[in-house]
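Peer 1: Below is a structure I'd like to ask you about.
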Amino acid sequence: MQQKVKLSLLLLGSKGCGKSSLVQRWISPLNIPRCTETLAIDVVSNLLRIGGTYNMVRFWDTTGADHYDDLLERYIYNADCCVVVFDVTNVESWEKAKYWVETIKKTNGKKVPVCLVSNKIDMESKRKIHKADVMDYVRTSDMKCLMCSETSAITGENMKATYRLIVTFCKKPVREVWTYDQTPSSASGCLIV
């Protein structure tokens, strides 16, 4: 008998960091995302099979507009996992991501797993936030369950592995480190602390 699990993923981040593009790529991996600005919250579901388990994943794709921040905080309580996305070419986007991690910590008492996703890694020449900076932030954070990964919604780089790791991490958060240098095929460029 196959197991079925329902999960709610709340996506948070600054305007234009690629939250909607990530969701579109996870739902339809072969299509290049074409997104318009999210006005408040878009909700979409996807079925992902990992092993013998079918995971019904509901994405709560939120707007990046600052004036919705207070409203979005209320959704943190009902999330099985918060996916905080930022644009690696934009320092303000990184600062907003750190704001969301702190807000999640205050709102939910460090209980909800948080996945910090560095997006737009295809724009390496314009990169301002480096892997080492994000990994240092994750390692020094006092969040109980915090993971980070790098992706490109446009090229699809590391998208499938990140999605599967988020869903797995969401169901069973662990406190271990996966580095980029050790067993790259199994780590898929992710760090879990």
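The values are calculated or read from the model by the stated rules, or taken from the named source; none is laboratory data. What you are looking at is a predicted structure, and each value in this text was computed from that prediction instead of being measured. Reconstructed Cβ throughout: ideal geometry from the backbone, glycine too, with neighbour counts over all protein chains shown. These area figures cover heavy atoms from the full protein model, side chains too; ligands, DNA and RNA do not enter into them. Shrake-Rupley method; radii C 1.70, N 1.55, O 1.52, S 1.80 Å.
Peer 1: Quick check: is even one residue across the stretch 165-174 open to solvent by 10 Å² or more (accessible area, probe 1.4 Å), of a type in the set (F, W, Y) and modelled with pLDDT of 75 or more? Can you show your working first?
Peer 2: Kept after step one, since they are open to solvent by 10 Å² or more (accessible area, probe 1.4 Å), are these residues of the stretch 165-174: 165, 168, 170-174.
Adding the requirement that they be of a type in the set (F, W, Y) leaves none.
The answer is no; no qualifying residue exists.
Peer 1: While we're here: Conditions first: (1) modelled with pLDDT under 85; (2) touching a Phe, Trp or Tyr at 6+ places or on another chain (Cβ under 6 Å). F86 passes all but one, so which condition is the exception?
Peer 2: With (1) modelled with pLDDT under 85; (2) touching a Phe, Trp or Tyr at 6+ places or on another chain (Cβ under 6 Å) applied to F86, the lone miss is (1).
Peer 1: Continuing with this model, one more query. Please work out if K160 is of a type outside the set (A, V, I, L, M), part of a helix (DSSP H, G or I) and over 13 Å from the mean Cα position of the chain (by Cα). Give the derivation first.
Peer 2: Values: of a type outside the set (A, V, I, L, M): yes; part of a helix (DSSP H, G or I): yes; over 13 Å from the mean Cα position of the chain (by Cα): no.
So K160 fails the test.
Peer 1: For the stretch 138-159, enumerate the residues that are among the charged types (D, E, K, R) and at pLDDT 85 or above. Reasoning before the result, please.
Peer 2: First, pick out the residues of the stretch 138-159 that are among the charged types (D, E, K, R): 139, 142, 144, 150, 157.
R139, E150, E157, listed by residue number.
Peer 1: Residue check: is S125 more than 18 Å from S21 (Cα to Cα), modelled with pLDDT of 85 or more, open to solvent by 70 Å² or more (accessible area, probe 1.4 Å) and polar (S, T, N, Q)? Working first, answer last.
Peer 2: Working: more than 18 Å from S21 (Cα to Cα): yes; modelled with pLDDT of 85 or more: yes; open to solvent by 70 Å² or more (accessible area, probe 1.4 Å): yes; polar (S, T, N, Q): yes.
In short, yes.
Peer 1: Only one residue in R34, R58 is at pLDDT 70 or above and either of a type outside the set (G, A, S) or buried (at least 16 other Cβ atoms within 10 Å of the Cβ) (or both), so which one is that?
Peer 2: Values: R34 fails: at pLDDT 70 or above.
Result: R58 is the single residue among R34, R58 that is at pLDDT 70 or above and either of a type outside the set (G, A, S) or buried (at least 16 other Cβ atoms within 10 Å of the Cβ) (or both).
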